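S.K.: This is the structure I have questions about; it appears just below.
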Amino acid sequence: MTARLTRDEVAKVALLGRLKLSADELEQMTAQLDRVLEYVDILNEVDTESIEPLAHPIELSNVFRDDIEQPCLSREEALANAPKTDGRCFVVPAILDGN
Amino acid sequence: MSILGASASQLLAALTSGELSAVALATACLDRIEQLDGTIGAFLHVDRKGALEQAALIDQRRRAGQPVGKLAGLPVAVKDVVCTRGLPTTCASRSLENFRPPYDADVTRRLREADAVILGKTNMDEFAMGSSTENSAFKITRNPWDTTRTPGGSSGGSAAAVAAGLAPLAIGSDTGGSIRQPAAFCGVVGMKPTYGRVSRYGLVAFASSLDQLGPFASDVAGAAALLEVMAGHDPRDSTSVDRPVPDYRSTLEQPLSGLRVGVAPEHFAAGLDEEVASAVHAAADIYRSLGARIVDVALPHSKYGVAAYYLIAPSEAASNLARYDGVHYGHRAASFDGLIDMYATSRGEGFGPEVKRRIMLGNYALSAGYYDAYYLKALKVRRLIRQDFDRAFETCDVLLSPVAPTPAFKVGELVDDPLAMYLSDIYTLSANLAGLPGISLPGGFSQRGLPIGIQLVGPPFGEETLLRAARMFERETPWHTKRPALAVAR
């Protein structure tokens, strides 16, 4: 049985998902994910040629409301769980270079 | 009256008549939690002060003849995946260890309006991912019937709390069986409503097209009462359905004449524990004795359910958990190098192994080059699974099946074999894929004295039928009256 998932692919997917994995985690994860992917191959037995995907069980669409302002969180409430704040905003590492 | 072992309905009657005060009942539950929860580990957070304050207010209003809510004075335990304003809501994850939501979930608001007394938040698998509650970052929960075994998951804390008499009612969430399976393992009633029946506003999202909140109770009447309060349209959840909520309690005692109970031969294949199969067959016999017809139905795609689910759910989870980036709330790493590293380090530190596994699986299945073969394929199989059920419900009113392939397994038994753990969800996850309501009720015991659950699944918005059919079985059997040894009065 050839492995379908390489450590490199797993590392790439970890980057996509912004997940830092240790070398051990990467090793273990590769083996475990490979087993699961091998298992889900069973879906290839099913003929889905003319079948529409079912993303959602009740298939509602366009659930709108009127664009009227509703009560919302106060600034204080919104900042209450912030890892770092200056009392006005969420403080994060600089994204843009320069000033 | 003896509070211990009393059902929610019995307690509500005693509270309403004034025989029992809300403070006395809350105190009794809180004291039992203090006595027993060191062993069981059902709760992550107990709000003694808040619960007693709430109870005192309710007693005051009752004595003054003022109106009180439908569940007035009844203690409820809430799974820690549900936002409760000002109380910790951790989802059993280090990434939300210190998170206190600034808002109540819709179900929390409804509980408060019904004057329920919220005792605290219960343990779970991290972000609701798991079937044993062993994936909690903080502690494991033990099955009150055998403390060397798991209570099931991911709502293990809620199920164990009700089984051990720590709370007469509890709330859980069910994405692939996370209410029904722990209910079966713990010998209590657990129900997942139709998708859209209960608002998901304030339910921390795992898989948005699969998640539903639902009730735990020691009997069907308790589950019906709690469901009545939880259900209803919520404009803040655009997937919540605008349909009136029936008075489930008022029709509960009415048996269904001409009931057709469907049984799928596919459910009795290899891997199903003999004692579980016997319990389900015995249930069919009971329905027969009540005049119901047992009908063979075909669910030919049921064997693809696990594969479809374990592509769809992780894909949705990968998307939903992208918000935990250490920016607005949740864990932020102490040291990192730049923004991307802040995300990666914070998430790496905050998430446990199962959560990471599912995020990885999801992102892989959704990534360019794999999306069609994995995610889209799974969604097509999902439609076929749904069509199987639609066809089955043309010839039967409810579907009878096992809940889990075995009774509760030992702590540590499956935690290192993710695939084996996933396969154990085979009887429950199809209802989530199809959006259908399902209820697990006590259906007997194994030779070892472990609870065995039986499951009824119904057509969309068939909760009333499910509850009445469940009550028909419950009336004829003693299982729901049994209590684990450690829950009996000392």
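Throughout, read-outs are computed from the coordinates displayed, never taken from laboratory work. Every value quoted in this text rests on a predicted model; they were computed, and no experiment measured them. Here the Cβ is made from the backbone with ideal geometry for all residues, glycine too, and neighbour counts use every protein chain on show.
S.K.: Using the Kirkwood formula on the Cα atoms of segment B:303-379, what hydrodynamic radius do you get, in angstrom to one decimal?
M.R.: When all Cα pairs of segment B:303-379 are included, the Kirkwood radius is 13.3 Å.
S.K.: For peptide A:55-64, compute the average count of partner chain beta-carbon atoms within 10 Å of each residue's beta-carbon. Could you put the intermediate results ahead of the total?
M.R.: Working: counts 9, 9, 16, 10, 1, 6, 0, 1, 6, 1.
The per-residue average across the peptide is 6.
S.K.: What order, most packed first, do the peptides B:200-213, A:45-58, B:177-190 have when packing is the mean number of other Cβ atoms within 10 Å of each residue?
M.R.: Values: B:200-213: 23.6, A:45-58: 14.4, B:177-190: 33.9.
In decreasing order of mean packing, B:200-213, A:45-58, B:177-190 become B:177-190, B:200-213, A:45-58.
S.K.: How big is the Cα convex hull of the protein assembly as shown in projection, averaged over all directions, in nm²?
M.R.: Average of the hull's projected areas for the protein assembly as shown equals 28.1 nm².
S.K.: Partner chain Cβ atoms within 10 Å, averaged over the residues of B:231-241 - can you pull that number for me?
M.R.: Working: counts 0, 0, 0, 0, 3, 2, 1, 5, 5, 3, 2.
Across B:231-241, the average partner-chain Cβ count within 10 Å equals 2.
S.K.: To continue, here is another question. Looking at the calculated P(r) for segment B:395-490, what percent of the C-alpha pair distances fall above 22 Å? Write out the running numbers ahead of the final one.
M.R.: On the way: 1860 of 4560 pairs.
Result: 41 percent of Cα pairs exceed 22 Å.
S.K.: Just order B:410-417, B:217-224, B:44-51, B:74-81 by mean Cβ neighbour count inside 10 Å, highest at the front, would you? Intermediate results must be reported in sequence, preceding the final value.
M.R.: Values: B:410-417: 15.1, B:217-224: 27.4, B:44-51: 17.8, B:74-81: 30.6.
Sorting B:410-417, B:217-224, B:44-51, B:74-81 by mean packing, highest first, produces B:74-81, B:217-224, B:44-51, B:410-417.
S.K.: Next up: Between A:ARG7 and A:ILE95, what is the FRET efficiency for a Förster distance of 51 Å, r being their Cβ-Cβ separation, to the nearest 0.05? Please list the in-between numbers first.
M.R.: Details: r = 30 Å, r/R0 = 0.60.
My answer for the efficiency is 0.95.
S.K.: Calculate the mean, over all residues of peptide A:29-39, of how many other protein chain Cβ atoms lie within 10 angstrom of the residue's Cβ.
M.R.: Values: counts 5, 1, 0, 9, 6, 0, 4, 12, 7, 1, 6.
Per-residue shielding by partner chains comes out at 5.
S.K.: May I pose another question? Going down the table (B:LYS410/B:LYS482; A:LYS12/B:LYS121; B:LYS79/B:LYS482; B:LYS303/B:LYS482; B:LYS139/B:LYS377), which pairs top 28 Å between alpha carbons? Walk me through the numbers on the way to the answer.
M.R.: Numbers: B:LYS410/B:LYS482 21 Å; A:LYS12/B:LYS121 37 Å; B:LYS79/B:LYS482 24 Å; B:LYS303/B:LYS482 34 Å; B:LYS139/B:LYS377 37 Å.
Those over the limit are A:LYS12/B:LYS121; B:LYS303/B:LYS482; B:LYS139/B:LYS377.
S.K.: Can you tell me the relative contact order of segment B:303-379? Whole percent, Cα pairs under 8 Å, sequence separation 6 or more. Intermediate values should be presented prior to the final figure.
M.R.: Values: 74 pairs, mean separation 33.2, N = 77.
It comes to 43 percent, rounded to a whole number.
S.K.: For chain A, take the convex hull of the Cα atoms, compute a quarter of its surface area, and give me that in nm², please.
M.R.: The Cα convex hull of chain A, projected and averaged over all directions, gives 14.0 nm².
S.K.: Using DSSP, restrict attention to beta bridges with both residues in the protein assembly as shown and report what percent are antiparallel, rounded to the nearest 5.
M.R.: Values: 29 of 44 bridges.
Percentage antiparallel, nearest 5: 65.
S.K.: Separate question: Suppose the chain between B:ALA64 and B:ASP416 were pulled fully straight at 0.36 nm per residue; how much longer would it get relative to their current alpha carbon spacing?
M.R.: Working: separation 352, 0.36 × 352 = 126.72 nm, distance 5.67 nm.
Once the chain is fully extended between B:ALA64 and B:ASP416, it gains 121.1 nm.
S.K.: I would also like to ask the following. Using every Cα-Cα pair within chain B, state what percent have a distance larger than 30 Å.
M.R.: Working: 49317 of 119805 pairs.
Roughly 41 percent, rounded to a whole number.
S.K.: Under the rule a/c < 1.5 gives rounded, and otherwise a/b versus b/c splits prolate from oblate, where does segment B:229-313 land using the Cα gyration tensor?
M.R.: Here segment B:229-313 falls in the oblate category.
S.K.: Against the longest principal axis of chain A, how steep is helix A:7-16, in degrees 0 to 90 to the nearest 10, with axes from Cα atoms?
M.R.: The angle comes out near 20 degrees.
S.K.: Restricting to DSSP loop positions (anything but H, G, I, E, B) with no more than 14 other Cβ atoms inside 10 Å of their own Cβ, which chymotrypsin sites (Phe, Trp or Tyr not before Pro) remain in segment B:354-403?
M.R.: Numbers: sites: B:TYR364, B:TYR370, B:TYR371, B:TYR374, B:TYR375, B:PHE389, B:PHE393; in loops: B:TYR370, B:TYR371.
Sparse-neighbourhood loop chymotrypsin sites (Phe, Trp or Tyr not before Pro): B:TYR371.
S.K.: Also, quick follow-up: Using a cut-off of 9 Å between beta-carbons, work out the net charge of the residues near B:ALA344 (Lys and Arg +1, Asp and Glu -1, B:ALA344 not included). Please list the in-between numbers first.
M.R.: On the way: positive: A:ARG18, A:LYS20, B:ARG347; negative: B:ASP341.
Value of the local net charge: +2.
S.K.: Expressed in nm to one decimal, what extension gain is obtained for the pair A:ASN44 and A:SER61 from 0.36 nm per residue of sequence separation less their Cα-Cα distance? Don't jump to the answer; show the numbers that get you there.
M.R.: Details: separation 17, 0.36 × 17 = 6.12 nm, distance 2.99 nm.
Full extension from A:ASN44 to A:SER61 adds 3.1 nm.
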